[in-house]
Amino acid sequence: MTKQIHLAAHFPGVNNTTVWSDPAAGSHIEFESFRRFAQIAERGKFDFLFLAEGLRLREQKGQIYDLDVVGRPDTFTVLAALAAVTDRIGLTGTINSTFNEPYEVARQFASLDHLSAGRAAWNVVTSWDRFTGENFRRGGYLAQEDRYERARAFLQTTTELFDSWNGVEVVADQENGRFLDSAAPGRFRHQDRFFDIEGQFNVPTSPQGRPVVFQAGDSDEGRNFAAAQADAIFSRYSQFDEGKAFYTDVKGRLPGFGRAPEDLLILPAASFVLGDTDAEAQEIAHQVRRLQVSPQTAINFIEQLWNTDLSDFDVDGPLPAFDPVVEGDSIAKGRASVRQLAKDPVALANEWRARAEAEKLSARDLVIEVTGRQTFIGSPATVAETINRFVQEDVSDGFILVPHITPDGLAPFVDTVVPLLQERGVFRTDYEGTTLRDHLGLKYPA
């Protein structure tokens, strides 16, 4: 059976995907950028808009990492504002389960679901580092092995709050002056290792019953968490072989939790570069990558692995000949990539040096190669064909597209690739439902 493709749009801003220095790029603070981006995605009949969330400005050598985009407004505030200027597109926000409270988060998402008429989704994430935690009163208290245990308890608690209204309490009988059919709606009591709360949840059942739940973890524990409780996974595996392996692994875990394959969607992040021809797209992609990895960006990335100040390093020459410093704290704070680089920095440095020598790459060229982000490169016809093949062959259920220019970088995809997918009959020509659960084909909670 031919699968229908799910498409979503990610407004980036906390990594080097975005070429914010490009003259075509807009603000990451002004609401106009978010409005335009969301409305372009909705014009393309995308399932949802996705916003990430950073809880602390990242640092390198004790200074703000100013190659990131910094200063973006609060995710809930942006999504609530977008609910007023869009009609159908889902509104997905990343909210941390380590440094928030279940009642507060449940109240915010239930409110967003009401304000948007059933379009809210929550990407549940955990925080792994003490550096981020220093912004909060519980900074650094949570052992790493407890992150997912708290996340599971957090999600269970918010689910109890969402379900504390049974959906029929509000009668709003104006003639008889009777608003509720119960004197104690939203009554809850939850006690476990992490939370001890009771009271009355003050937001009635929202249009979706609960927001759609996303999860973005990749560890074995994270995959089980998603297989047990999430509606969709925001995956990083967008290449064919690794994506298919991830898809097979996670879908294979679902029966163990009493779930069917269609109960969980796998949606990798994917970037794209379009051209009139495949050759032109390849040339544009090369130019984009050099803009994404400036000399200073390359130095900062190499510093993260070598854990050494390389301010005067020549990135057009070879990689450092000495080995990374493995003792002491990392010079980069708050960056998830540091965890990957720190697993075996000496072995990875040797691997990079061997590759650079074999392929005659400068240090900057090597960084461009190992941080390459373009998933789909080609003419609109080539990109449409590739996306469809990936979905039909179970690499994913669709993709969360990340343009390198915001807010207008999504428009070429919407105007050229989407019509080709619609012609193939694998992507909607219009929204058939009103809620995000409708768009994603997900069940409503009982």
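Brief remarks follow.
- Residue within segment 81-97 that is among the acidic types (Asp, Glu), over 29 Å from ILE405 (Cα atoms), in contact with a helix residue (DSSP H, G or I) (Cβ under 9 Å, 6 or more places away or on another chain) and surrounded by fewer than 23 Cβ atoms within 10 Å (Cβ to Cβ) present: no
- Among residues of segment 57-88, those that are out of contact with any Gly (no Cβ under 9 Å at 6 or more places or on another chain), β-branched (Val, Ile, Thr) and in a loop (DSSP other than H, G, I, E, B), counted: 2
- Filtered residues of segment 362-401 (kept if part of a loop (DSSP other than H, G, I, E, B) and either among the charged types (D, E, K, R) or at pLDDT 95 or above (or both)): SER362, ARG373, SER379, GLU393, ASP394, VAL395, SER396, ASP397
- Residue match in segment 356-368 (condition: closer than 30 Å to ILE302 by Cβ and under 18 Å from the mean Cα position of the chain (by Cα)): no
- Some residue of segment 357-365 being charged (D, E, K, R), surrounded by fewer than 17 Cβ atoms within 10 Å (Cβ to Cβ) and on the phi > 0 side of the Ramachandran plot: yes
- Within the set GLU303, GLU369, the sole residue that is in contact (Cβ under 8 Å) with a residue 24 or more places away in the chain and surrounded by 14 or more Cβ atoms within 10 Å (Cβ to Cβ) turns out to be GLU303.
- Answer residue from segment 210-241, given it is hydroxyl-bearing (Ser, Thr, Tyr) and in contact with a Ser or Thr (Cβ under 9 Å, 6 or more places away or on another chain) and is surrounded by the fewest Cβ atoms within 10 Å (Cβ to Cβ) among those: TYR237
- Residue within segment 1-19 that is touching a residue at least 60 places away in the same chain (Cβ under 8 Å), more than 19 Å from the chain's Cα centre (by Cα) and crowded, with 18+ Cβ neighbours inside 10 Å present: no
- Here TYR431 fulfils each of the conditions (1) touching a residue at least 60 places away in the same chain (Cβ under 8 Å); (2) more than 27 Å from ALA110 (Cα to Cα); (3) surrounded by fewer than 23 Cβ atoms within 10 Å (Cβ to Cβ) apart from (2).
- Hits in segment 29-44 (condition: part of a loop (DSSP other than H, G, I, E, B) and open to solvent by 50 Å² or more (accessible area, probe 1.4 Å)): ILE29, GLU30
- Condition check for THR77: among the hydroxyl-bearing types (Ser, Thr, Tyr) and either closer than 29 Å to GLY441 by Cβ or open to solvent by less than 10 Å² (accessible area, probe 1.4 Å) (or both): no
- Counting only helices (runs of 4 or more DSSP H) wholly contained in segment 91-183, the ones carrying 2 or more residues that are over 21 Å from PRO207 (Cβ atoms) and out of contact with any Asp or Glu (no Cβ under 9 Å at 6 or more places or on another chain) occupy 130-133, 147-162.
- Being closer than 14 Å to SER271 by Cα and not aromatic (Phe, Trp, Tyr) is a property that holds for PRO380.
- Evaluation of GLN191 against (1) open to solvent by 70 Å² or more (accessible area, probe 1.4 Å); (2) in contact (Cβ under 8 Å) with a residue 40 or more places away in the chain (one fails), failing number: (2)
- Qualifying residues in segment 112-130 (those that are farther than 18 Å from ASP47 by Cα and either among the acidic types (Asp, Glu) or within 21 Å of the chain's Cα centre (by Cα) (or both)) - the one modelled with the highest pLDDT: VAL124
- Check on GLY186, more than 30 Å from PRO261 (Cα to Cα), in contact (Cβ under 8 Å) with a residue 12 or more places away in the chain, in contact with a Phe, Trp or Tyr (Cβ under 7 Å, 6 or more places away or on another chain) and surrounded by fewer than 21 Cβ atoms within 10 Å (Cβ to Cβ): yes
- Across segment 46-76, the qualifying residues are those that are farther than 21 Å from PHE234 by Cβ and among the polar types (S, T, N, Q), and the one among them that is nearest to the chain's Cα centre (by Cα) is GLN60.
- 3 or more residues within 23 Å of the chain's Cα centre (by Cα) and touching a residue at least 60 places away in the same chain (Cβ under 8 Å): qualifying strands (runs of 3 or more DSSP E) within segment 194-261: 212-215, 232-235
- Qualifying residue in segment 22-30 (condition: at pLDDT below 95 and within 19 Å of the chain's Cα centre (by Cα)): yes
- Any pair with Cβ under 8 angstrom, 6 or more apart, that starts in segment 377-397 at a residue that is under 14 Å from PRO412 (Cβ atoms) and ends at one that is open to solvent by 30 Å² or more (accessible area, probe 1.4 Å) and not in a helix (DSSP H, G or I): GLY378/LEU274; SER379/LEU274; SER379/ASP276; SER379/THR277; PRO380/LEU274; VAL383/LEU274; VAL383/ILE377
The values are calculated or read from the model by the stated rules, or taken from the named source; none is laboratory data. Fair warning: this is a prediction, and the values are worked out from it, not measured in the lab. Quick reminder, even Gly has a Cβ in these numbers, built from the backbone with ideal geometry, and neighbours come from all protein chains shown. Keep in mind that these areas ignore ligands, DNA and RNA; they rest on the heavy atoms of the full protein, side chains included. Shrake-Rupley method; radii C 1.70, N 1.55, O 1.52, S 1.80 Å.
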